[in-house]
1. Which peptide among 61-72, 116-127, 43-54 comes first, and what is the full order, when sorted by highest mean count of other Cβ atoms within 10 Å?
2. Tell me the carbon and sulfur percent of the accessible area for the chain, rounded to whole percent, probe radius 1.4 Å.
3. In whole Å, what are the Cα extents of the chain along the three principal axes, biggest one first?
4. Could you pull out the pairs from 23/78; 36/69; 6/57; 52/78; 6/38 whose alpha carbons sit more than 19 Å apart here?
5. Once you list every other residue whose beta carbon is under 14 Å from the beta carbon of residue 109, what net charge do they have if Lys and Arg are +1 and Asp and Glu are -1?
6. With a point put 7 Å past each Cα toward its Cβ, work out how far residue 11 is from residue 130 in nm, to one decimal.
7. Pull up the DSSP beta bridges for the chain and report the antiparallel fraction as a percent, rounded to 5.
8. Note down the magnitude of the dipole of the chain about its Cα centre, charges +1 on Lys and Arg C-beta and -1 on Asp and Glu C-beta and zero elsewhere, to the nearest 20 debye.
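The values are calculated or read from the model by the stated rules, or taken from the named source; none is laboratory data. This is a predicted model, so every value here is computed, not measured. Heads up, the Cβs are rebuilt from the backbone with ideal geometry, glycines too, and the neighbour counts pull from every protein chain shown. Note: areas computed on protein heavy atoms with side chains; ligands, DNA, RNA excluded. Shrake-Rupley method; radii C 1.70, N 1.55, O 1.52, S 1.80 Å.
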Amino acid sequence: MYALLKRFHHEIGPLMDVVPVNKSGKKIKTIHDLQKCKALLDTGANTTCISKSLAEKLDLKTEYEMNAKTPLNSTLVKIYTLDLFLCFDNDEYHEIECDEVVEFNGNEYYDIIIGRDIITLGQLNMLPRNVFSFTL
């Protein structure tokens, strides 16, 4: 079992480290050669999302585009595929193959939004004193 226990930002929510990998990229020797980024665990998001800037940095290929509805409007978004390595306690990593990752504008706090498509594979608990646990 993979487990993560850490404090969450009281204004942003639960953040965890992830390592995104372009599926069509070169084979990697070790996960430690790749760059980690922050991901928000968001139970309100149906699917996992990636910031436009990170998608460009990883040179992700657009699989297709679709209309996405938000509470405020509807907009055309790009859909990508990628491998996502979730970083857990004790320097453990778990690979998730993401076949539909939606592009979003991004912000200064995180480049990935982990949605219910991944969260429901495990268990996310919000605990007292701004602590959360995520197990898979």
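1. Values: 61-72: 10.2, 116-127: 14.8, 43-54: 17.4.
The peptides rank, most packed first, as 43-54, 116-127, 61-72.
2. 48 percent
3. Largest to smallest, the principal-axis extents are 42, 40, 26 Å.
4. 36/69; 6/57
5. On the way: positive: 38; negative: 11, 17, 42, 108, 111.
Surrounding charge for residue 109 is -4.
6. It works out to 1.1 nm between the two label points.
7. Details: 36 of 42 bridges.
The answer is about 85 percent antiparallel.
8. Details: 15 positive and 20 negative charges, 35 e Å.
Around 160 debye, computed over the chain.
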